[in-house]
Structures are given as C-alpha cells and as structure tokens.
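FYI, it's all coordinate maths here, none of it is from the lab. On a predicted model such as this, the values are computed, not experimentally measured, just so you know. Ideal geometry is used to build each Cβ from the backbone, glycine not excepted, and the neighbour counts take in all protein chains shown.
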Amino acid sequence: MAELAGLREILSASASLDVTPKGRGRFQVEGRVQARIGQTCVVTLDPIENEIEETVDLIFVPGVAPAADDAAPEPLLDDTVDLGALATEFLILGLDPYPRKPGAVFELPQDVKPDPGPFAALAGLKDKHGR
C-alpha cells in the first residue's frame with residue numbers, strides 16, 4: 001500500500017466501513033479511513049509523519065454509473081465492492097501532495113542569476129553585427 005501511494009512508510013492504517021443494501025442491487029458504503037504515514041518534507045527532505053482521516057459515503061450500483069459528477073453512484077465491478085481497494089483509494093485521496101515539516105520555508109538562493117534562455121547567444125550576434 002505504501003508503494004502504491006508513493007509513501008516512505010505506513011505506520012498504521014485502519015478502515016471501518018459499513019455496507020448496507022439499498023435495493024435493486026444497490027449498496028451504500030459508509031465509514032472512515034484513518035492512517036499515520038511517513039512522508040518526506042518537500043523543502044528539507046527530512047522524514048515527517050502525518051495523520052489521515054477520510055470519511056467514506058458512496059453508493060454502488062450494478063453496471064456502469066450513469067453520470068460523471070461527484071454525486072453519481074459508483075459502478076459495481078463483477079457485482080462486488082472491493083473494500084480494500086476502496087480504503088486504499090481514500091487513503092491516497094487524503095495525502096498531502098506537498099508535505100512540509102512544521103516551520104519549513106523554501107527560499108530561493110540569492111546569488112542565482114536568471115537563466116538568459118536559449119536565444120541569448122543569437123541576441124548577442126544580432127547586437128554584434130548591428131542587425
């Protein structure tokens with residue numbers, strides 16, 4: 001799961017999910033996914049730990065979902081709900097894509113000159129030949 005999520009490590013993870021039949025082959029899945037994960041600070045590259053807590057509330061229907069908006073039901077695949085895959089998906093949705101160590105601030109180096117770009121040499125030739 002850590003490799004799939006691109007994490008340094010997963011220290012703990014749990015999912016508490018209730019599956020309720022809603023008639024006509026429909027199911028509602030409600031609950032929460034919690035985890036303590038190890039990530040790497042994008043500023044300092046130090047290891048850090050973060051907490052994830054995501055609420056799950058989805059409706060699954062047989063066949064293909066009719067619409068592609070946030071309120072649309074999810075399709076059942078082979079008439080099943082893969083709760084492990086669902087928990088993993090919600091763990092990944094809860095990740096901070098740019099985790100930072102508390103107090104870490106990115107600052108540009110002061111002595112860096114701006115890149116003149118690929119056409120700087122051509123501009124120099126133009127000035128040299130007066131064109």
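Computed values, structure above
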{"read-out": "DSSP bridge orientation in the chain - percent antiparallel, rounded to nearest 5", "value": "90"}
{"read-out": "Estimated inter-spin distance, Arg24 and Leu77, nm [label 7 Å along Cα→Cβ]", "value": "2.5"}
{"read-out": "Along each principal axis, Cα extent of the chain, largest first, Å", "value": "81, 38, 22"}
{"read-out": "Highest-fluctuation residue, Pro118, Pro62, Pro73 considered, GNM on the chain with Cα pairs under 10 Å", "value": "Pro118"}
{"read-out": "Gain on full stretching of the segment that runs from Met1 to Lys101 - 0.36 nm per residue minus C-alpha separation", "value": "33.7 nm"}
{"read-out": "Magnitude of the charge dipole, the chain, Cβ model with Lys/Arg +1 and Asp/Glu -1, debye to 20", "value": "740"}
{"read-out": "Among Ala121, Ala104, Ala85, residue whose mean-square fluctuation peaks in a GNM of the chain (springs only between Cα atoms under 10 Å)", "value": "Ala121"}
{"read-out": "Theoretical gain in end-to-end length, Ser16 to Phe119 [0.36 nm per residue, Cα-Cα removed]", "value": "31.2 nm"}
